[in-house]
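Computed from the coordinates by the stated procedures, all read-outs in this text should not be read as laboratory data. Note that this is a predicted model, so its numbers are computed, not measured. Methodologically, a virtual Cβ is constructed for each residue, glycine included, from the backbone with ideal geometry; neighbour enumeration extends over all protein chains shown.
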Amino acid sequence: MARTLLSIAMLLFASSDLSAAVERRSFTVVSDPGIEIAVREVIDPLLPPTGDPVILLHGARVPGVPSFDLDVPGGSLARDLAAAGLAVYIVDLRGYGASTRLAAMNAPQRPESPLTRTGAAVRDLTAAVAAIRERRDVEQVALLGWATGGHWAGAYAAHAPETVSKLVLYNSLYGYTTGHPVLGRGSRLADPDDPERFNIGRFQNYRLNTADSLLPGWDRSIPIEDKAAWRDPSVAQAYVQAALASDPTSARRDPPSFRAPSGAMADSFLLATGAALWDARLITADVLLVRSENDFWSRPEDITQLEAHLSARGIGEVRSIEIPEATHFVHLDREEHGRDSFLDAVTRFLAD
C-alpha cells in the first residue's frame, strides 16, 4: 500500500478524568496537494484489540475532538469505544479543526461556492482510511458518522465499499425524500427568493459560529424544562469551549467564533429537498442505523429509505435502532437519557 502519512506528531497525554490507560496520538495525512487531514488516535494499549479500527466523523459545524473526545466524564465517545478494545480514529475534514484551512477561509466570507462539498470529503476520507489501514495493518475499517458525518461516511462507503467492514449512520440525512421542516424548502437553508436554491447569501462560503449558536438546538430537543437534568452542564460547557478552541483565530473576533465550511449545509439542503448524493445499494458493509426520536436533523423517512436500499443489496447485515425521547446529541446526554442505549448498541455492533 502506498505510504500516505505526511508527518506524525506524537501527542501522548494522560487525561485528568479519563482512563490513564487510554493513549492519544495525533498525526496528519495528505489528501489533495496542499491539504493535510488531522487524525487523532485513541487506544487502550492494555486491552486486546477487538473489531476493525473505527473512524469517527464529525458533522457540519463542530470538528472531531469537540464532538467525540471531551475531557469530562460522559463527554468522550472515543474513550468509551477504546475502553471496549477498539482502536479509534477521529478525523477532521479539510476546513475543520486541526486540518488545513482552505485559503478562502483566511479571507472575509463571500457569497460564493460553499467550501468542502461531499466530493472533497470523500477524498479526505480516502486518504485517512488508507493511512489507518496501513498503520493498523488491516484491510478494512469501520466508520461512524454523526449527522452530516453520516452522509459523508455513507458516500465514502458507497465509493470504496471494499475498504469498509461496518458503518454506523447516526442521526444522518440520506435524501431521496422531500418535505424536511428544518432544512428543506421554506427553511433558513433555502433562498428566500427561490425556494429551490441554497441560501448562499446567509451561509456564504464558510460560516462563523459563536458560543451562543451551539446550544439552542440541543436545548429545544430536550423534552423537559430542566436541561441540566438531561444534559450534564460540564459536558455542554466543555463542548462549547472545545469548539471555540478548535480554531486558532476564534479569539480575534468579537464575540469569539470558529470557522466552518458551508458545503455541508449546501449538500444537506439538497438531501432535504429530495436529491440523491449517494446510493446505499453500493455499500457492502454491515450497517447500523441509529436515530434519536427527538432528532431535528434526520427524518424517519431517511431510515425507511435506507432500510429499503440496504435490504435490496443481498449482502451484509442491517440493524436499526430508535432511541426513545433522545436528542440529536444523545452520545453527549446523560446515561439515563439515551447515552447508555446508544453506547450499548454501537459498541456491540462494532466489537461483534
Inter-probe distance in nm under a simple model that places probes 7 Å from Cα toward Cβ, at Leu215 and Gln237: 1.0
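Subtracting the Cα-Cα distance from 0.36 nm times the residue separation, let me have the gained length for Asp340 to Leu282 in nm, one decimal. Could the numbers behind the result be given before it?
On the way: separation 58, 0.36 × 58 = 20.88 nm, distance 3.15 nm.
Full-extension gain reported as 17.7 nm.
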Within the chain, percent of DSSP bridges classed antiparallel, to nearest 5: 50
From the coordinates shown, semi-axes √(5λ) of the Cα gyration tensor in Å corresponds to which of [x] 27, 24, 23; [y] 61, 21, 15; [z] 35, 27, 17: [x]
Exposed GluC sites (Glu not before Pro) absent: longest stretch of the chain, with sites in DSSP loops and at most 13 other Cβ within 10 Å deemed exposed: 1-111
Residues with amide H under 5 Å from that of Val164, placed H, sequence gap 5 or more: Val141
Inter-centroid distance (Cα atoms) of the range 186-256 relative to the range 264-324, Å: 24
MRE, 222 nm, helices only [DSSP H, n ≥ 4, -39500 (n - 2.57), over the chain, to nearest 500]: -8500 deg cm²/dmol
For the range 318-324, Karplus couplings with θ = phi - 60° (6.51, -1.76, 1.60), whole Hz, Gly/Pro x: 10, 10, 9, 9, 10, 9, x
